[in-house]
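First up is the structure itself, then whatever we jot down about it.
Readers should treat all values here as calculations from the given coordinates under stated rules, not as data from a laboratory. From a predicted model like this one, the values you see are computed outputs, not experimental measurements. Note: ideal-geometry Cβ built from the backbone for every residue, glycine included; neighbour counts use all protein chains shown.
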Amino acid sequence: MHFEPIQYIFGHTLWCGLDLKVTPDTLIPRPETAELVEKIANYQLPVTNCRVLDIGTGSGCIAIALKKRHPEWQITGIDISAEAIEVAKENARINGVEVAFKVADILDSNEQNRQYDIVVSNPPYICEKEKAAMRPNVLNYEPASALFVPDNDPLLFYRRIAELYSLSFRKWPGVGYLFFEINEAYPSELTAMLKELGYTDIHIHYDIYGKPRIIESRMDQ
């Protein structure tokens, strides 16, 4: 049976008020990720010229949606895939926003030399052992590098990002915010990890399906 997602067949999707190009080099944006965007966009921040970094930007959906909601924000999106970054740049053009997109590997990156007010990521978080329960339209078509982490290190990307940016939030106004979309199986482990690294005000938010899907925290500088 043919399971190719209709979004890939038509080459675009409507999501969060955007018309986005999608290819097999990018994940198809989910409703849960739109909830993450809403959470950040509605946050009461102490600065107006907010600097945002979107890690693992893929199609650019999070970065572009935030820029649409807050044109005054300075937003950067990074991804390990050069092909995905090209799609993200095209999506920014289609939707009439300016976002700085560039290729970077978060596991081997010096991006922390920049300073941000918000770091957000929807990183790979599905364990290899979960493949058996996945639908073929996802498993057979969407990019594995954007989906999976090793069974023995499910927090790989979360830990790397939280460590890398713990000292890289902007010194004024002295607060940095970290937002993740998460695997529903690991909210307690993520909370403990963030606390150990010095993050505070850690909150878990549930998605429209009643599953823990977003974790937010802050780092006082």
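Excluding Gly96 itself, calculate the net charge of residues whose Cβ lies under 10 Å from the Cβ of Gly96, where each Lys or Arg counts +1 and each Asp or Glu counts -1.
On the way: positive: Lys67, Lys68, Arg93; negative: Glu98.
Net charge in that neighbourhood comes out at +2.
Counting other Cβ atoms within 10 Å, which GluC sites (Glu not before Pro) in the range 47-103 have at most 16 and lie in a DSSP loop? Please report the intermediate quantities before stating the final value.
Working: sites: Glu72, Glu83, Glu86, Glu90, Glu98; in loops: Glu72, Glu98.
Within the range 47-103, the qualifying GluC sites (Glu not before Pro) (loop, at most 16 other Cβ atoms within 10 Å) are Glu72, Glu98.
Show me, for the range 160-165, the HN-Hα J-couplings you get by feeding each phi into the Karplus relation (A = 6.51, B = -1.76, C = 1.60, θ = phi - 60°), rounded to Hz, glycine and proline as x.
4, 5, 5, 5, 4, 9
Name the long-range amide H neighbours of Lys211: under 5 Å, sequence gap of 5 or more, or other chain; modelled H, no Pro or chain starts.
none
Check which residues have an amide H placed less than 5 Å from Ile182's amide H, if you skip close sequence neighbours.
Amide H neighbours of Ile182, under 5 Å, 5+ apart: Ile214, Ile215.
Using a Förster distance of 25 angstrom, determine the FRET efficiency expected from the C-beta separation of Arg114 and Glu72, and round it to 0.05. It would help to have the intermediate numbers written out before the result.
Values: r = 18 Å, r/R0 = 0.73.
It comes out at approximately 0.85.
Would you kindly derive the ³J(HN,Hα) couplings of the range 63-71 from the backbone phi angles with the Karplus curve 6.51 cos²θ - 1.76 cosθ + 1.60 (θ = phi - 60°), listing them in order in whole Hz, with x for Gly and Pro?
So the Karplus estimates, Gly and Pro as x, are 4, 5, 5, 5, 5, 4, 6, 9, x Hz.
Residue-wise, which Karplus ³J(HN,Hα) couplings in Hz belong to the range 90-103, taking 6.51 cos²θ - 1.76 cosθ + 1.60, θ = phi - 60°, and x for glycine or proline?
Residue by residue, the range 90-103 yields 5, 5, 4, 5, 4, 9, x, 10, 10, 10, 8, 10, 7, 7 Hz.
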